[in-house]
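Shown next, in structure tokens, is the structure this report addresses.
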Amino acid sequence: PNPNPNPSPLSLIYIMIPSSTLRRRKVKKLKESKDGLEYDLDKGQERVQPEFICCFCGCLIIIVAMQMLAWCAFAYSTRVDAFPVDTADIEADGLRWVRMPDGRVIEYGVCGHPNSKKVLYGQHGYGLTASFTLSKMNCKWADQNGVYIIAPTMPGFGYSDSYPISRPRSLTDWSLDVKAVLDKEDITGNFYVYGVSAGCVHAAAVAAAFPERINGILFSVPTAPIHIEAMSDKIDTKTRLLKILLRVNYIGDLIAYFIGTFLTAKDLIYFSAPDIRNAISRFQKEGYEDTAEELFENMDRAVRHTYRGWKDNMHVISDPIPFDMKSISSIAERNRKVIITTSSDDTTNPPIFHQWFHVQIPGSRMLTFEPGYGHVHLLEPENWRRAMKEIGLGLGF
């Protein structure tokens, strides 16, 4: 009788391989059964020839290689230009827009008192849009203190047009974009500057281009070039990995595509920014649920038109800054405040980033907040009011 009446799946695969590909050899106390397999009569076990193992491994390698080629082709397909923005989408969200000479559209929003002399240009952080700068808390504060907030959206986020892939954007272009927004709002005099996180280098570009027009600057938890990032062991590992991968062509495009297509804002924050995740939990416990929801909704809005902002802007905030940061010190020399906020529990942009920013601008001053809200400590109302008072805003009409 057959010692193995129910051959294993491996045995069945072995049977399907043409006999011409196998080298049969005699083994003591072996005989060939009717099903073509060799059996050890003493142990009742089938023996698979070494040639089969090589064939199986070869097939596995081919399958893996085909999968890798498929992923490479998919990544290649994600490195494409975004469709032009439809300005009707901007207006539908209650925002405004301006068209640049090269045809790009920059969306922006406003709130507060339009005739006020206290104008604040505000720049959002990475993966957000103008409407987050115009949060309920910020606009209520502006109404109470006679401030006019003007907030543009970075290219590639929300409904601000991306640059073509063939033309990487530079920070030196951003000051011209912001000037076009200010001109459309008839802002010809001085103004205050506020930037948060990745928005700080954008705000710095504007301040460096128009230092004589700046009344005061607030940089909150600024980013720093990649060589400074490499020196820090305080940045969260997942945050660091995401930033590194987004810089790589095709891989970064593929990741940006998945962020824009499959991940929600909650998924992204919970995975890549633990200090922000902890702050959101605290906001919810303290009764600031609206703050958390506004953040989630705005991050989702940032990729509603295209995912390109996540990839195209990473080199902008991590490359060496293309202008002299020390030129901003002339603002401090005119007795205008240049404040940089920091918190020890920020693992998205650790304090070494903020210290680097401070060193680059002689005359600037650090403003330290107690740990608890990490990277987003200015979303706490009292922290926001305190920071704005430091640069001369928020003192009432």
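The values are calculated or read from the model by the stated rules, or taken from the named source; none is laboratory data. Just so you know, these numbers come straight off a predicted model, no measurement behind them. Note that we place each Cβ from the backbone using ideal geometry, even for glycine, and neighbour counts take in every protein chain shown. Side chains are part of the model used for accessible areas, which takes the heavy atoms of the whole protein and leaves out ligands, DNA and RNA. Shrake-Rupley method; radii C 1.70, N 1.55, O 1.52, S 1.80 Å.
Brief remarks on what is shown
- Taken per residue, the accessible surface of the chain reaches 48 Å², heavy atoms only and a 1.4 Å probe.
- For the range 308-317, 3J(HN,Hα) per residue [Karplus equation, 6.51 cos²θ - 1.76 cosθ + 1.60, θ = phi - 60°, Hz, x = Gly/Pro]: 5, x, 5, 8, 5, 8, 5, 5, 5, 8
- Computed in the context of the full set of protein chains, the accessible area of the range 168-283 at 1.4 Å probe radius has 60% of its extent on carbon or sulfur.
- Packing-based ranking, highest mean first, of 146-159, 127-140 given that Cβ atoms within 10 Å are counted: 146-159, 127-140
- Label point 7 Å beyond Cα of Ile165 along Cβ direction - residues of the range 296-321 with amide nitrogen under 20 Å: 303-317
- The figure for His358 is an accessible area of roughly 60 square angstrom, using a 1.4 Å probe on the protein chains alone.
- Largest to smallest in accessible area, the residues Tyr270, Tyr194 fall in the order Tyr270, Tyr194 (1.4 Å probe, all protein chains included).
- Membrane-span-like helices in the chain, defined here as complete DSSP H runs extending at least 27 Å along the helix axis by their C-alpha atoms with mean Kyte-Doolittle hydropathy no lower than -0.5, are 50-78; this is a sequence and geometry rule, not a statement about a membrane.
- Solitary cysteines of the chain, where the nearest other Cys Cβ is not under 4.7 Å: Cys54, Cys55, Cys57, Cys59, Cys72, Cys200
- Cα centroid separation - the range 254-280 against the range 168-217, whole Å: 28
- Ellipticity at 222 nm from helices only: DSSP H runs of n ≥ 4 in the chain, each -39500 (n - 2.57), divided by the residue count, give -13000 deg cm²/dmol.
- In this view, the solvent-accessible surface of Tyr163, computed with a 1.4 Å probe and all protein chains in place, comes to about 10 Å².
- Solvent exposure, largest accessible area first (probe 1.4 Å, DNA, RNA and ligands not counted), of Val359, Val206, Val248, Val303: Val359, Val248, Val303, Val206
- If you count Lys pairs in the range 253-397 whose Cα atoms are under 26 Å apart, skipping same-chain pairs closer than 8 places in sequence, the total is 5.
- Solvent-accessible surface (1.4 angstrom probe) belonging to Asp290, in square angstrom, nearest 10: 90
- For Gly372, the residues whose modelled amide H falls within less than 5 Å of its own, excluding neighbours fewer than 5 places apart on the same chain, are Asp345.
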